[in-house]
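Below is one structure, written out as structure tokens; the observations come after it.
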Amino acid sequence: MNSNKPIGIFDSGLGGLSICRAVKGMLPDEDIIYFADTHYAPYGSKSKKTITERAESIIQFLIAKDCKLIIIACNTATVTTIKMLRLKYAIPIIGIEPGIKPASLNSKKGVIGVLATEQTLKSDSFHTLKAQYSSSVTINVQACPDFVNLVESTNHESSIAIDTAESYIRPLLAAGCDQIVLGCTHFSFLMSAIRLAVGNQAEIIDTAVPVAEEVKRKLQQLQISNQKNLSGVAKFWTSGDVTMATPAVSQLWGQAVTLSYAQP
């Protein structure tokens, strides 16, 4: 495989840009194609059938764009589809799942909390993951239906975001959680609000950097790391309204971007 091909990354919307930024920071020479499926966002409230159909369509789109590796930068899509996608497609696929393992290892009280979308918390994969560690720690879960919309509307640093984070996190802290797991890539952009709500009562577990480290390891293992020694280029696509999405993508990415439309 040509090592100079791009890495494909997709999410239901803009939350996966947190993974995109972590990958770019760790692997600056790599080209990236990011697809935001904003027309169908959020995945957290969609059926398993819809999520699976969208994931397959986007995988095919990224393969057609000549990607060498694909990251599912969405907890909901990962827990719902990754096993099937890995069986169906030869391209390396890296997913993301809530960081229950590191939280359980780090917990002093033996009580951890998971913030996630409703679909992630309902999924068989999440229940399997939770069951692996339930014997060693008590795992409290909290569905956060408003978090994704706060990020998509770039209201993630507003007073509403602070109040919403407080309402979701207060029950977890009251239950004695000393580890708070961010179970959705959108939630990384709410870190300021989440930190205010958590204070010094718990540690926050985000998975963006571990995912980037896994991408680096996989590229090296397969010997497909970029060999150009040039700064990589990031290209952005969406299934939604380009005009509406461009300011939000630019803000979350940290610089002005050109956003293209596609409907896989």
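The values are calculated or read from the model by the stated rules, or taken from the named source; none is laboratory data. Source: prediction; values computed, not measured. Here the Cβ positions follow ideal geometry from the backbone for every residue, glycine too, while neighbour counts run over all protein chains shown.
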> Residues that are among the hydroxyl-bearing types (Ser, Thr, Tyr): which helices (runs of 4 or more DSSP H) entirely in segment 86-133 hold 3 or more of them?
Replying inline: 124-133
> Looking at (1) over 25 Å from Asp241 (Cβ atoms); (2) out of contact with any Asp or Glu (no Cβ under 8 Å at 6 or more places or on another chain), which is the only condition Glu56 fails?
Replying inline: (1)
> Just a yes or no: is a residue in segment 160-173 within 21 Å of the chain's Cα centre (by Cα), under 30 Å from Ser3 (Cα atoms) and crowded, with 23+ Cβ neighbours inside 10 Å?
Replying inline: no
> Assuming Pro98 fulfils every condition listed in (1) over 16 Å from the mean Cα position of the chain (by Cα); (2) of a type outside the set (Val, Ile, Thr); (3) over 21 Å from Trp237 (Cβ atoms) apart from one, which condition is it?
Replying inline: (1)
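When you scan segment 82-121, how many residues do you find that are among the charged types (D, E, K, R) and in contact (Cβ under 8 Å) with a residue 60 or more places away in the chain? Before you say what the answer is, go through the steps one by one.
Kept after step one, since they are among the charged types (D, E, K, R), are these residues of segment 82-121: 83, 86, 88, 97, 101, 108-109, 118.
Now narrow it down to the ones that are in contact (Cβ under 8 Å) with a residue 60 or more places away in the chain: 97, 108-109, 118.
Of the residues in segment 82-121, 4 are among the charged types (D, E, K, R) and in contact (Cβ under 8 Å) with a residue 60 or more places away in the chain.
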>> For segment 175-203, give me the residue count where each residue is free of Cβ contacts under 8 Å to residues at least 40 places away in the same chain, under 18 Å from Gly15 (Cα atoms) and out of contact with any strand residue (DSSP E or B) (no Cβ under 9 Å at 6 or more places or on another chain).
In response: 2
> Quick one: which helices (runs of 4 or more DSSP H) sit completely within segment 175-264 and have at least 2 residues that are under 19 Å from the mean Cα position of the chain (by Cα) and more than 19 Å from Ile96 (Cα to Cα)?
Replying inline: 191-198, 242-253
>> So, Lys49, is that one touching a residue at least 40 places away in the same chain (Cβ under 8 Å), assigned by TED's automatic domain parsing to the domain that holds Leu222 and either over 15 Å from the mean Cα position of the chain (by Cα) or in a loop (DSSP other than H, G, I, E, B) (or both) or not?
In response: no
>> Going through Asp66, Asp37, Asp124 one at a time, which residue ends up being at positive phi and either out of contact with any strand residue (DSSP E or B) (no Cβ under 7 Å at 6 or more places or on another chain) or in contact (Cβ under 8 Å) with a residue 12 or more places away in the chain (or both)?
In response: Asp66
> When you scan segment 83-95, how many residues do you find that are closer than 16 Å to Lys49 by Cβ and either under 9 Å from the mean Cα position of the chain (by Cα) or not basic (Lys, Arg) (or both)?
Replying inline: 2
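State yes or no: is Val114 at pLDDT 95 or above and on the phi < 0 side of the Ramachandran plot? Explain how you work it out, then say what you get.
Working: at pLDDT 95 or above: yes; on the phi < 0 side of the Ramachandran plot: yes.
Taking the combined requirement at face value, the residue satisfies it.
Give the residue, chosen from Ala73, Ala64, that is within 17 Å of Ile19 (Cα to Cα) and either modelled with pLDDT of 95 or more or exposed (fewer than 14 other Cβ atoms within 10 Å of the Cβ) (or both). Walk me through how you get there before you give the answer.
On the way: Ala64 fails: within 17 Å of Ile19 (Cα to Cα).
The match here is Ala73.
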